[in-house]
1. Hey, any hits in the range 110-123 for a residue that's part of a strand (DSSP E or B) and over 18 Å from residue 49 (Cα atoms)?
2. Quickly run through the range 31-42 and pick out the residues that are touching a residue at least 24 places away in the same chain (Cβ under 8 Å) and either buried (at least 17 other Cβ atoms within 10 Å of the Cβ) or within 23 Å of residue 79 (Cβ to Cβ) (or both).
3. If a residue has to be among the aliphatic types (A, V, I, L, M), within 9 Å of the chain's Cα centre (by Cα) and open to solvent by less than 50 Å² (accessible area, probe 1.4 Å) to count, how many in the range 129-146 make the cut?
4. How about the range 84-103: which of its residues are within 19 Å of residue 58 (Cα to Cα) and open to solvent by less than 100 Å² (accessible area, probe 1.4 Å)?
5. With the range 41-95 as the region, which strands (runs of 3 or more DSSP E) entirely inside it contain at least 2 residues that are touching a Leu at 6+ places or on another chain (Cβ under 7 Å)?
6. I'd like to know if the range 110-128 contains one or more residues that are surrounded by 17 or more Cβ atoms within 10 Å (Cβ to Cβ) and over 18 Å from residue 144 (Cα atoms).
Amino acid sequence: MIVTWKERGLVLLAAAPLLGLVPMATGAHADAGVALRTASPKEDVLPGGTYAWTFKMLAKGPAKSGKAVFRMTMPRPLEFVTGTRHCRSKGRKVVCRLGTVRKGQKVKGAIKAKVSRRADAGQKISARGTVTWGKARAARRFPAVRVAKAAGFLTTEEAPATARAAAPGPVHDGGPRGG
């Protein structure tokens, strides 16, 4: 009988007759050649508003340099507007060609997206980004952001204390025709 335990990126195998442990790397943490950090708008987003989702990649693997590409699938409530670093959109898929990146180099980028006017208040929006650098790959979720209730644009003000009502009937200005 073989039993497996997964903890902190390590898979431990224990064979009952041998009672031995064999460490193995899991697929999720096997490639540490590139790091990805993501950030979402800090406040709730308003339907119809345009906001930026930012990312940073750090090339830190054994390679000296390589082509880097950032990919993201836009969630349904978002529509791609523009992006830095040669970003293009086809449908909901966004691809940003970051160019040739040297080992140790950091590259920043941003995706600007418009929140659908039909987005439900209270709905959470979260996307997943993936960056590749040469053969290295890293994926990370953007922090979830909540859709705020639409702000009312009506303001109410009290009438000034000196306001007077107009007098009823015809107005006479007392001009040359007499009045």
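1. No; the residues of the range 110-123 include none that is part of a strand (DSSP E or B) and over 18 Å from residue 49 (Cα atoms).
2. Correct list: 33, 34, 35, 36, 38, 39, 40, 41.
3. The total comes to 1.
4. Matches in the range 84-103: 84, 87, 95, 96, 98, 99, 100, 101.
5. 50-59, 65-73
6. no
The values are calculated or read from the model by the stated rules, or taken from the named source; none is laboratory data. From a predicted model like this one, the values you see are computed outputs, not experimental measurements. Cβ sites come from the backbone with ideal geometry, for glycine too, and all protein chains shown count toward neighbours. Ligands, DNA and RNA are stripped out before the accessible areas are found, and what is left, the full protein with its side chains, is counted by its heavy atoms. Shrake-Rupley method; radii C 1.70, N 1.55, O 1.52, S 1.80 Å.
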